[in-house]
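Remarks on the structure that follows.
The values are calculated or read from the model by the stated rules, or taken from the named source; none is laboratory data. If you're wondering where the values come from, they're calculated on a predicted model, not measured in any experiment. Cβ coordinates were reconstructed from backbone atoms using ideal geometry, including for glycine residues, and neighbour counts include every protein chain displayed. Areas reflect the complete protein model, heavy atoms only, side chains present, ligands, DNA and RNA absent. Shrake-Rupley method; radii C 1.70, N 1.55, O 1.52, S 1.80 Å.
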Amino acid sequence: MLHTTIELRQWRDDDTPAVLAAFQEPDMRAQAPWPVVTLRDAMGWIAAWSGVGHAFAVTLDGQVVGNVAVTDIDVHETGWVSYWTTPEARGRGVAAAATAQLARWAFRERGLFRLELGHRTNNPASCRVATKAGFRPEGIERAKLSHDGVRYDVERHARLATDRP
Ligand SMILES: CC(C)(COP(=O)(O)OP(=O)(O)OC[C@H]1O[C@@H](n2cnc3c(N)ncnc32)[C@H](O)[C@@H]1OP(=O)(O)O)[C@@H](O)C(=O)NCCC(=O)NCCS
């Protein structure tokens, strides 16, 4: 249970070392389109959000501990949500709280109606985050993703602006 303050704010250039550190975790590989192994890669990861949607650094007592983003916003006021947290911050409710905060922002400030996300079925922690943040499961997309030659089923979740919190 979380007893500290989570905030979402814009990513800044001086967050580059925090991003680089976060990407040292092997399970973060799928969270960037290229390997993030240098400060330049990390800077590129921050810059790459420009124009594709809204990404927010998640801070816990002022320290960057994660990312939440809504991208692929379409004409139906639907957006795609993604999230990660740093290993040190995990298991404290950070991802769920930040994702719920992102959803409130996306509905109220950005005027979206439907938020979607997907997690590999072998990622139960992400499933739990989605559920805790109010994203209901909608079904399995078979063999949707391919990583290192292995295909993975993905469970789709979504939250509507009209869903009860
Ligand atoms: C998935 C991830 C975002 C979770 O972040 P987090 O800050 O630990 O999430 P929270 O603390 O809000 O919630 C985690 C929940 O998963 C549960 N959980 C953790 N590992 C689990 C496991 N192996 N099986 C089942 N549940 C698990 C925790 O118990 C917790 O649920 P609870 O609050 O009911 O106890 C984080 O592990 C991460 O960044 N992973 C790498 C990137 C990634 O997978 N992103 C999502 C892609 S879809």
- Item | Within a Gaussian network of the chain (alpha carbon springs, distance under 10 Å), most fluctuating of Thr85, Thr38, Thr59 | Thr38
- Note on the structure: With the 8 Å Cα cutoff and a minimum separation of six or more residues, the chain has a relative contact order in percent of 18
- Query: Roughly how many percent of the accessible protein surface of the chain is carbon and sulfur, given a 1.4 Å probe and a whole-percent answer?
  - Reply: 51
- Accessible area per residue, Å², the stretch 63-139 with all protein chains present, probe 1.4 Å: 48
- Item | Fully extended contour minus Cα-Cα distance, from Arg136 to Val150, at 0.36 nm per residue | 2.4 nm
- So how much slack lies between Asp27 and Glu7, counting 0.36 nm per residue of separation and subtracting their Cα-Cα distance, in nm? 4.8 nm
- Item | Residue-averaged [θ]222 nm for the chain, counting only DSSP H segments that reach four residues, each worth -39500 (n - 2.57) | -7000 deg cm²/dmol
- Task: Report the FRET efficiency, 1/(1 + (r/R0)^6), for Trp34 and Asp61, where r is their Cβ-Cβ distance and R0 is 35 Å, rounded to 0.05.
- Result: 0.70
- Task: At q = 0.10, 0.11 Å⁻¹, work out log10 I(q)/I(0) for the chain with the Debye formula, treating every Cα as an identical point scatterer and leaving solvent out; two decimals please.
- Result: -0.35, -0.43
- Query: Roughly what % antiparallel, to the nearest 5, for the DSSP beta bridges in the stretch 6-160?
  - Reply: 90
